[in-house]
Structures are given as C-alpha cells and as structure tokens.
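Enquirer: One structure is given below, represented as structure tokens, and several questions about it will come after.
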Amino acid sequence: MGCGKSAVGVLVAQRAGAPFHDLDFVIESEAGMSISDIFATKGEAAFRAVESRLLPDLLKPGAVVALGGGAPIDEANWKMILERSTTVFVDCGFDTIWDRIKGTTNRPLFASSTRAELEVLLQQRRPRYMEAIHRVDGDRPEDVVAEEILALWSD
C-alpha cells in the first residue's frame, strides 16, 4: 500500500506496449463496489477470496499486474505468482508510504489502523515481499522506478 505499484505499473505497461491490470480495480469492477465497501459489508476474508479467485486470470504472459499488498501473503497465491510471473518488489521506506497514503479514504486497512499498526503490518509482510525475484527502490520518482523495471523486463 502506497509504494506506487499502480502508478508505476501503468507506466511500465505503456512503455512496453503491454496490458496492465490492477488487481484491486478488477476486484472492484467484479464486485460492483469499492474495496472499502467490500471490507465494510463483507469483511476482509470475503475480499481475499475474490482476490484469490481473480488472480489467475490476470497472470498472463506479457501482462503487467499490480497486486494488492495482501495478495502475495496467501501461500497458494504466492506459489501461483512465482510460477506465472517475474516478481518485482517496489520497496519503499515507511515514511514514504505514510506520506503517500495519509489523507486517503479508499484504503480500508489505512482507515482502520494507526500509523504504528500499519508499520507493523509492513514489517510482517516484508519477508514475503523480499522473496520477489527483483527489488527496486520505490522511494524515487515513479518514472525512474518504471524505467528500472522496464529494463529488468527487457533482460
């Protein structure tokens, strides 16, 4: 959350002439409601179930996919992600993430958590993220991050 996955993913896909999918947007489209509303009315478990169901359709060769921060935490999801894609962890310091997300209203985990709780969540998830094939520094401008990822993709 807040590392720039969606913005950077769009740039990478545009420059590569590839399709771009944001898993969260696909979930919202499928559900006909925002992620915040899904969390509020159906709960996180229902959201995660839809996330896991839709993920395989997005992981197609040549596509750029931005995953929500919780998607790779599920073991079955992570196995599929590793089998079907080249993974890139857009690694940001927590201060950068906090600056990007504070004041937003469309992030249910942000809305229901304190800064300290979100920092703990990132630290809990970080070991999984570090298992990605590539890691790029997300504390830089989106354009620079996108160029680095595009170079990785071209290798």
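The values are calculated or read from the model by the stated rules, or taken from the named source; none is laboratory data. Because the structure is a prediction, the values reported are computed rather than measured. Every residue, glycine as well, gets a Cβ built from its backbone with ideal geometry; the counts of neighbours run over all protein chains shown.
Enquirer: Quick check on Leu82: is it in a helix (DSSP H, G or I), over 13 Å from the mean Cα position of the chain (by Cα) and either under 16 Å from His21 (Cα atoms) or modelled with pLDDT under 95 (or both)? Steps first, please.
Expert: Working: in a helix (DSSP H, G or I): yes; over 13 Å from the mean Cα position of the chain (by Cα): yes; either under 16 Å from His21 (Cα atoms) or modelled with pLDDT under 95 (or both): no.
Criteria not met by Leu82.
Enquirer: Can you work out which of the residues in the stretch 50-103 that are basic (Lys, Arg), free of Cβ contacts under 8 Å to residues at least 60 places away in the same chain and out of contact with any Phe, Trp or Tyr (no Cβ under 9 Å at 6 or more places or on another chain) is surrounded by the most Cβ atoms within 10 Å (Cβ to Cβ)?
Expert: Looking only at the stretch 50-103, we keep the residues that are basic (Lys, Arg), and these are 53, 60, 79, 84, 100, 102.
Narrowing further to those that are free of Cβ contacts under 8 Å to residues at least 60 places away in the same chain: 53, 60, 79, 84, 102.
Subsequent filtering for residues that are out of contact with any Phe, Trp or Tyr (no Cβ under 9 Å at 6 or more places or on another chain) retains 53, 60, 79, 84.
Numbers: Arg53: 11, Lys60: 13, Lys79: 11, Arg84: 16.
Applying the filter and picking the extreme gives Arg84.
Yes or no, residue by residue, for (1) over 27 Å from Asp143 (Cβ atoms); (2) out of contact with any Ser or Thr (no Cβ under 8 Å at 6 or more places or on another chain):
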residue	(1), (2)
Asp22	no, no
Ser36	yes, no
Glu44	yes, yes
Leu82	yes, yes
Phe94	no, yes
Trp98	no, yes
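Enquirer: Now for a different question. Are any of the residues in the stretch 95-104 assigned to a loop (DSSP other than H, G, I, E, B), of a type in the set (D, E, K, R), touching a His at 6+ places or on another chain (Cβ under 9 Å) and under 25 Å from Leu11 (Cα atoms)? Write out each step before concluding.
Expert: First, pick out the residues of the stretch 95-104 that are assigned to a loop (DSSP other than H, G, I, E, B): 102-104.
Cutting the leftovers down to of a type in the set (D, E, K, R) gives us 102.
Next cut, touching a His at 6+ places or on another chain (Cβ under 9 Å) only: none.
There is no residue in the stretch 95-104 that is assigned to a loop (DSSP other than H, G, I, E, B), of a type in the set (D, E, K, R), touching a His at 6+ places or on another chain (Cβ under 9 Å) and under 25 Å from Leu11 (Cα atoms).
Enquirer: In this structure, is Ala132 modelled with pLDDT of 95 or more, more than 19 Å from Phe39 (Cα to Cα) and assigned to a loop (DSSP other than H, G, I, E, B)? Show your work before the answer.
Expert: Values: modelled with pLDDT of 95 or more: yes; more than 19 Å from Phe39 (Cα to Cα): yes; assigned to a loop (DSSP other than H, G, I, E, B): yes.
Yes: the conditions hold for Ala132.
Enquirer: Something else about it: For the stretch 24-48, how many residues meet the condition of being buried (at least 17 other Cβ atoms within 10 Å of the Cβ) and without any contact (Cβ under 8 Å) to a residue 12 or more places away in the chain?
Expert: 1
Enquirer: Can you pull out the residues in the stretch 35-78 that are assigned to a helix (DSSP H, G or I) and either on the phi > 0 side of the Ramachandran plot or among the β-branched types (Val, Ile, Thr) (or both)?
Expert: Ile35, Ile38, Thr41, Val50, Ile73
Enquirer: Of the residues that sit in the stretch 1-34 and are assigned to a loop (DSSP other than H, G, I, E, B) and of a type outside the set (A, V, I, L, M), which one is modelled with the lowest pLDDT? Before you say what the answer is, go through the steps one by one.
Expert: Filtering the stretch 1-34 down to residues assigned to a loop (DSSP other than H, G, I, E, B) leaves 1-4, 17-19, 32-34.
Filter once more, keeping what is of a type outside the set (A, V, I, L, M): 2-4, 17, 19, 32, 34.
Values: Gly2: 75, Cys3: 83, Gly4: 85, Gly17: 95, Pro19: 97, Gly32: 94, Ser34: 89.
So the residue we want is Gly2.
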